[in-house]
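The values are calculated or read from the model by the stated rules, or taken from the named source; none is laboratory data. If you're wondering where the values come from, they're calculated on a predicted model, not measured in any experiment. Here the Cβ positions follow ideal geometry from the backbone for every residue, glycine too, while neighbour counts run over all protein chains shown. To get the accessible areas, we keep the full protein, side chains included, count just its heavy atoms, and leave off ligands, DNA and RNA. Shrake-Rupley method; radii C 1.70, N 1.55, O 1.52, S 1.80 Å.
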Amino acid sequence: MKIKSLIKYFRLILLLLFSFMLSCGGDDDINVVIVDDEGEIPISVDFDITVSETNTFEISVNNTSTGITGLNSYWQFTENGESVPDGAGPERHVYSVSGDYLVTLTVEAPDGDIAVSKTVIIVGDDDSPALKNAAKGFSVGMAVRSDRLTGSHNAVLVREFNSLTAEFEMKMDQIYKTEGSLDFTASDAIVDYGVANNMDIHGHTLVWHNSIPVWMNNFSGTDEEFETLVKDYITTVMQRYAGKVRSWDVVNEAIEDGTNNLRNSIFRIRMGANYIEKCYQYARDADPNAILFYNDYNVTFDSGKQAAMFAIVDDLKSKNLIDGVGAQMHISYNFPRRAQIQSVVDGTVSRGLKMHFAELDIRVNPNNDITSLTEQRAIAQQNKAKEVAEIYNAIPDENKFALTLWGMRDSESWLPAFWGQPDWGLFYNDDFTPKKAHTGLIEGFR
Ligand code: G3I
């Protein structure tokens with residue numbers, strides 16, 4: 001055996017003997033760090049968190065790692081938050097609002113960073129209640145994606161929301177990508193999450209001209225075969241989620257902007273002008289307990305489009321094929337006016353139907369005149385959010401259903417990509433803290 005190995009072997013024996021003696025020494029809480037046979041102390045990363053007893057928004061973190069002498073380390077006090085160097089002794093951090101926050105300590109070790117995370121729950125005063133607790137008599141919904149149901153997304157969802165809508169993963173182009181084969185992987189993940197967290201689930205959407213699978217657009221079968229495809233799809237999806245998905249946008253955005261006629265979609269072309277009635281009949285037959293909605297946008301300020309929508313709704317209502325109206329609230333900080341938003345509520349309530357303020361986001365840069373969210377626009381957004389919440393809150397209880405936000409953090413919104421310009425239309429900052437717009441909703445719900 002070579003000299004070097006002998007020395008290592010001898011040293012290891014000595015260390016084992018030393019630790020044995022210590023453990024016999026009576027004071028058994030002395031942690032002996034075994035130096036490995038390379039002569040290095042293994043790195044063990046850990047830390048303690050304590051919440052201040054005098055300020056429930058303040059935490060103190062202490063790095064209790066071992067084997068990190070000479071190594072740099074840093075803190076992050078929210079998921080993907082900014083890095084704060086780890087200095088000597090405990091570090092303080094003060095949060096601005098209550099919530100569940102992911103705290104991470106990262107040690108820059110020679111063989112690569114080692115990170116350990118822990119969640120701290122900041123229970124603030126009752127001045128920052130959760131949206132779902134501030135709302136009375138209706139659900140507060142969030143548009144979700146299957147890859148955003150954990151970590152801080154989960155923390156915000158379970159704290160603030162009691163309704164979910166799949167932003168895109170329960171649409172036909174996602175479930176029915178391949179002819180003859182339905183893929184429920186993502187939709188099941190969302191539904192299972194909602195069920196596990198006792199949330200209402202709003203199914204969006206079964207029939208929409210913007211989510212037609214490529215193969216269906218090129219379907220070479222007969223019109224009757226096409227109609228059977230659609231009927232079977234609606235039936236299969238709704239029966240799969242019966243008892244879990246309480247409501248559905250059966251048909252979405254069927255009205256052509258400008259003409260206010262039915263869009264000349266493949267559904268209308270191949271199933272006939274009464275395709276909408278057929279789809280709602282399939283839906284009613286598939287899950288008689290589901291609450292069936294018609295969903296469209298610009299039905300507040302565009303009186304022609306609103307009238308066209310209510311004509312469809314009236315026809316469906318006469319056949320007991322509809323239960324609610326979804327008014328998509330893709331609005332701006334300065335538009336539409338309160339009276340215009342109120343008009344779609346009045347039309348829905350007068351028909352005895354459920355009102356869903358669906359897809360709420362509030363553009364603050366519709367004219368592309370700001371390059372960051374200014375204080376002035378943030379306040380204007382808060383005021384608009386309060387107005388929308390006040391309008392919804394004033395709806396008669398029997399017509400209330402849900403107010404759904406179309407995304408969580410500004411950085412996750414569809415708006416910038418769609419409009420090709422920056423915007424900050426949602427309700428949470430990138431660190432998951434609520435924006436003024438969130439406060440506006442709370443104010444309006446009260
Ligand atoms: O996440 C995948 C990514 O993995 C993939 O590489 C990429 C390219 O295929 O697609 C990504 O998914 C996209 C998804 O948005 C997330 O960004 C889908 O292709 C894209 O179709 C989807 O767009 C959604 C759109 O509806 C179409 O379904 C938007 O998120 C969603 O905000 C938008 O929502 C609509 C409502 O359903 C109806 N009312 C209007 C509203 C805005 O258009």
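Quick notes on this structure:
- When the stretch 295-446 is reduced to its Cα atoms, the Kirkwood hydrodynamic radius in Å: 15.8 Å
- Summary value for the stretch 301-440: 25 percent relative contact order, contacts being C-alpha pairs under 8 angstrom separated by 6+ residues.
- Per residue, the accessible area of the chain comes to 46 Å² when a 1.4 Å probe rolls over the protein heavy atoms.
- Of F168, F418, F427, the residue with the largest accessible area leads and the full order is F418, F168, F427 (1.4 Å probe).
- Between helix 436-445 and the chain: long-axis angle, C-alpha atoms, 0 to 90°, nearest 10: 60 degrees
- Cα gyration tensor, the stretch 210-281 - rounded (a/c under 1.5), prolate or oblate: oblate
- Between the residues M170, F47, Q340, the greatest Cα displacement towards the positive end of the dipole of the chain, with unit charges on the Cβ of Lys, Arg, Asp and Glu, is found for Q340.
- Neighbourhood charge, 13 Å Cβ-Cβ cut-off, centred on K317 and excluding it, Lys, Arg +1 and Asp, Glu -1: 0
- Accessible surface of the stretch 140-262 [probe 1.4 Å, protein heavy atoms]: carbon and sulfur percent: 44 percent
- Contact order relative to length of the stretch 219-316, as percent, for alpha carbon pairs under 8 angstrom and 6 or more apart: 36 percent
- Per-residue extension of 0.36 nm, minus the Cα-Cα distance of R337 and D192, leaves a gain of 48.4 nm for this segment.
- Three-way shape label, the stretch 104-171, alpha-carbon gyration tensor, a/c 1.5: oblate
- Gain on full extension, evaluated as 0.36 nm per residue between S52 and F301 minus their Cα-Cα distance, stands at 84.6 nm.
- When only alpha carbons are used to place a centre, the stretch 181-195 and the stretch 320-345 end up 29 Å from one another.
- To put it simply, the accessible area of the stretch 50-114 at a 1.4 Å probe is 47 percent carbon and sulfur.
- For the chain, the relative contact order is 11 percent, taking Cα pairs closer than 8 Å that sit 6 or more residues apart in sequence and dividing their mean separation by the residue count.
- Cross-link partners of K386 among aspartates and glutamates (Cα-Cα below 15 Å; sequence separation of 8 or more within a chain): D361, E443
- When shorter helices are ignored and each DSSP H run of at least 4 residues is given -39500 (n - 2.57), the per-residue value for the chain at 222 nm works out to -10500 deg cm²/dmol.
- The largest accessible area among L157, L373 belongs to the first residue in L373, L157, and the rest follow in falling order (1.4 Å probe, all chains).
- Here the simple spin-label model places points 7 Å from the Cα toward Cβ, and for D314 and S83 these points are separated by 6.4 nm.
- For the chain, with +1 on Lys and Arg beta carbons and -1 on Asp and Glu, the positive-most of V349, I291, S152 along the dipole: V349
- Relative to the longest principal axis of the Cα atoms of the chain, the long axis of helix 151-160 makes an angle of roughly 50 degrees.
- In terms of Cα atoms, the Rg and Dmax of the stretch 131-445 work out to 18.8, 58 Å.
- Accessible-area ranking of T371, T222, largest first, probe 1.4 Å: T371, T222
- Electrostatic dipole magnitude of the chain [Cβ: Lys, Arg +1; Asp, Glu -1; Cα centre; debye, to 20]: 1120 debye
- Accessible-area value, H153, 1.4 Å probe, nucleic acids and ligands omitted, Å²: 20 Å²
- Once the Cα atoms are used to define both axes, helix 338-350 deviates from the longest principal axis of the chain by about 70 degrees.
- Added length on full extension, which subtracts the Cα-Cα distance from 0.36 nm per residue, Q239 to D113: 40.6 nm
- Counting heavy atoms of the protein chains alone, T439 has an accessible area of about 60 Å² for a 1.4 Å probe.
- Whole-Å distance, taken between Cα centres, linking the stretch 270-308 and the stretch 420-445: 30 Å
- Area accessible to solvent at R270, 1.4 Å probe radius, in Å²: 40 Å²
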